[in-house]
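Notes for the one structure printed next.
The values are calculated or read from the model by the stated rules, or taken from the named source; none is laboratory data. Since the model is a prediction, treat every value here as computed from it, not as a measurement. Please note: Cβ atoms are built from the backbone with ideal geometry, for glycine as well, and neighbour counts cover all protein chains shown. Surface accessibility is based on the protein's heavy atoms, side chains included, excluding ligands, DNA and RNA. Shrake-Rupley method; radii C 1.70, N 1.55, O 1.52, S 1.80 Å.
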Amino acid sequence: MKRLALLPLTALLLSACTGTVETLPPLRLAVLADGGATLRTVTTGGGDGLRVTPTPVVGPSVAVTGGVAVDTLPGGEARLLLTRREGLESRNADLADVRPFAPAFDAPGFTPPCFVTTALNAARDRILSLSQCETGGVLNGSQQLALYRTDGTLVWRAAVSGAAVVTGTDVPPVRVAVVRRADGVDVAVVARPALGGGSEVVRVAVTTVGADRAEAGLPVPSLVAIRDLAPAPNGSTIYAATDAGVQPLGTTGAPVADDALNAFGTGRVDRVWTSAGSGVAGRNLIAAWRDPRVSGLGTEPLRLWDASGTRNEALTVNAFADLRDVTFAPDGFLYALSATTLSGYDTVIGLGSGNTGSTVNWRPVTLLSGLNDARGVTWLVPRQPSTSSR
């Protein structure tokens with residue numbers, strides 16, 4: 001499979017040496033809305049080197065069943081990864097040409113899937129999805145993992161036993177991530193709530209190279225609750241959003257407080273996103289957000305930090321009451337999805353300005369509004385018709 005030629009950020013800017021302006025192909029965002037029942041696209045149009053976002057073009061809604069999450073697949077053509085409760089599938093940039101992934105759990109000892117979350121590794125060549133059925137809105141079924149290649153073929157499956165059924169008003173969610181060890185073995189990471197408080201982390205990998213079933217290690221306790229996981233662009237680190245800031249996971253799987261990202265402080269963080277796989281060249285962007293339903297405030301700031309830059313603190317992009325998802329796109333924009341609205345923010349101008357009190361320098365643009373219970377957003381660069389030049 002050919003890898004998607006991700007667009008370097010410098011290709012979006014004016015060329016000072018030649019005086020020419022690079023043209024950015026139209027960027028398309030796919031949005032999962034209506035509680036996972038519909039997909040739709042919005043196309044920003046081509047950029048012009050000054051990175052102006054033209055008037056968006058909104059595509060028609062497409063009905064789906066049991067939508068959970070969306071992501072971008074690398075390859076020779078722009079394709080969308082859609083996780084549904086019943087299985088994973090890919091679609092083209094027009095949300096058509098549905099290609100189901102291989103069945104995950106059609107083997108002895110496994111139960112039919114109820115997928116609840118999916119993650120890609122930093123290299124974007126492995127997809128990890130976790131299945132756990134629920135009763136009355138409480139996840140109480142057995143946990144099962146499926147690791148896929150991006151063409152939809154199954155690498156391995158695994159059963160992860162011992163998941164506690166924890167109820168309450170502020171239970172840490174179940175999150176997953178996948179990272180590649182130095183020996184080339186892919187390791188799945190499952191962070192889940194633990195009895196008595198906090199979280200526990202389970203690492204899952206094959207014990208024999210090429211095996212189609214992976215084995216889970218013993219749970220490693222984390223006294224600090226883990227709220228989210230995201231891969232660092234270096235491919236060897238996983239960041240955890242915790243009740244004590246953003247911390248990398250250590251070799252045992254537990255967060256390492258001594259290596260916390262000071263740019264985000266030591267307060268609680270509920271969501272974390274990185275620019276891994278975004279095509280943004282030369283920058284290590286990390287965004288973090290705290291859920292205001294916990295703080296009791298009406299909104300909380302989405303903060304952004306360039307770990308590859310010289311600034312030591314994260315800057316406020318905007319404040320959100322109900323932030324659902326964030327994606328970094330190769331046009332240099334961060335796209336933030338609330339339950340009702342999709343907005344874009346210029347990270348190049350915003351981070352360069354150092355403005356911490358206003359959204360003006362982030363050049364905010366509203367792409368969609370009036371959404372109902374939106375769940376996820378990702379970007380695509382639709383295939384362009386070939387042109388000849390002299």
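See the values below:
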| quantity | calculated |
| --- | --- |
| Solvent accessible area, Å² - R99, 1.4 Å probe, full protein context | 100 Å² |
| Dipole magnitude (debye, nearest 20) for the range 222-327, charges at Cβ of Lys, Arg, Asp, Glu | 140 debye |
| The range 187-302 - Rg over Rh from alpha carbon coordinates, Kirkwood radius | 1.01 |
| Cut-off under 5 Å, modelled amide H: who pairs with A319 long-range | L302 |
| HN-Hα J in Hz across the range 204-220 - Karplus 6.51, -1.76, 1.60, θ = phi - 60°, x for Gly and Pro | 10, 7, 6, 9, 10, 4, x, 5, 9, 9, 9, 10, 8, x, 6, x, 10 |
| Length-normalised contact order of the chain in % [C-alpha pairs under 8 Å, at least 6 apart] | 14 percent |
| Sum of -39500 (n - 2.57) over DSSP H runs of 4+, divided by residues of the chain (222 nm, nearest 500) | -500 deg cm²/dmol |
| Cβ-placed point charges (K, R +1; D, E -1), dipole of the range 155-276 about Cα centre in debye, nearest 20 | 220 debye |
| Length-normalised contact order for the range 255-346 - Cα pairs under 8 Å, 6+ apart - percent | 22 percent |
| Approximate spin-label separation T252-D373, in nm, with each point projected 7 Å along Cα-to-Cβ | 4.1 nm |
| C-alpha center-to-center spacing [the range 144-182, the range 243-290] in angstrom | 19 Å |
| Amide H contacts under 5 Å for R363, placed H, 5+ residues apart | D346 |
| Extreme residue, positive dipole direction of the range 134-201, given options G196, L154, V171 (C-beta unit charges) | L154 |
| Furthest towards positive pole of dipole, G66, P108, L334, structure part the chain, Cβ charges | L334 |
| Per-selection Rg to Rh, the range 160-220 - Cα, Kirkwood hydrodynamic radius | 1.05 |
| R0 of 41 Å, Cβ-Cβ distance T207-A339: FRET efficiency to nearest 0.05 | 0.45 |
| Mean Cβ count within 10 Å, highest first, over the residues of peptides 135-144, 110-119 | 110-119, 135-144 |
| Magnitude of the charge dipole, the chain, Cβ model with Lys/Arg +1 and Asp/Glu -1, debye to 20 | 520 debye |
| As computed over the range 245-363, the Cα convex hull volume per residue (Å³) | 117 Å³ |
| Under the Karplus curve 6.51 cos²θ - 1.76 cosθ + 1.60, θ = phi - 60°, whole-Hz ³J(HN,Hα) for the range 286-298, x wherever Gly or Pro sits | 10, 10, 9, 8, 10, 6, x, 5, 8, 6, x, 8, x |
| Ellipsoid equivalent to the range 120-177 - semi-axes via the Cα gyration tensor, in Å | 26, 13, 9 |
| From phi via Karplus (6.51, -1.76, 1.60), per-residue ³J(HN,Hα) for the range 122-130 in Hz, x at Gly/Pro | 5, 6, 6, 10, 9, 10, 10, 10, 10 |
| Accessible surface, the range 145-269, averaged per residue in Å² (probe 1.4 Å) | 42 Å² |
| Residues with amide H under 5 Å from that of G376, placed H, sequence gap 5 or more | L32 |
| Residues T167 and V294, FRET efficiency given R0 of 22 Å [Cβ-Cβ distance, rounded to 0.05] | 0.80 |
| Dimensions (Å) - the range 74-140, Cα atoms, principal axes, largest first | 39, 24, 23 |
